[in-house]
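Bear in mind that the values in this text are calculations on the coordinates, not laboratory data. Bear in mind the structure is a predicted one, so any value in this text is a computation, not a measurement. Heads up, the Cβs are rebuilt from the backbone with ideal geometry, glycines too, and the neighbour counts pull from every protein chain shown.
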Amino acid sequence: MTVVSTKEFNSNQKKYFDMAIDEHVVIKRGENMFHLTCSNYNNLDEYDEVLEPDDDLQNAITMDELLERTYKVINKFFADKNESISNTKGA
């Protein structure tokens, strides 16, 4: 097993990715350790996973709904901020 710092890993990524094919490579960042693993998938069809809809799917929103809601919050935030600034200037 080889343990490297994030700085060393960033400097020599190719070296450590190549190493991970044959041995365990661990990247140490502060108190955390991240294990670099190599999986050789020759036939990706074997690993396709189909998720079935569940109850959580009923609560999902589309990307368009997310954007619309986000814009409303941002617009409200700036409207409130502009109103607050206008009230301060008039004082």
TODO: Could you calculate the FRET efficiency of Asp64 with Phe34 from 1/(1 + (r/R0)^6), where r is the beta carbon distance between them and R0 is 25 Å, rounded to 0.05?
DONE: 0.10
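Could you work out the local net charge near Thr37, counting Lys and Arg as +1, Asp and Glu as -1, over the other residues with Cβ closer than 14 Å to its Cβ? Intermediate results must be reported in sequence, preceding the final value.
Working: positive: none; negative: Asp18, Asp22, Glu23.
Neighbourhood net charge equals -3.
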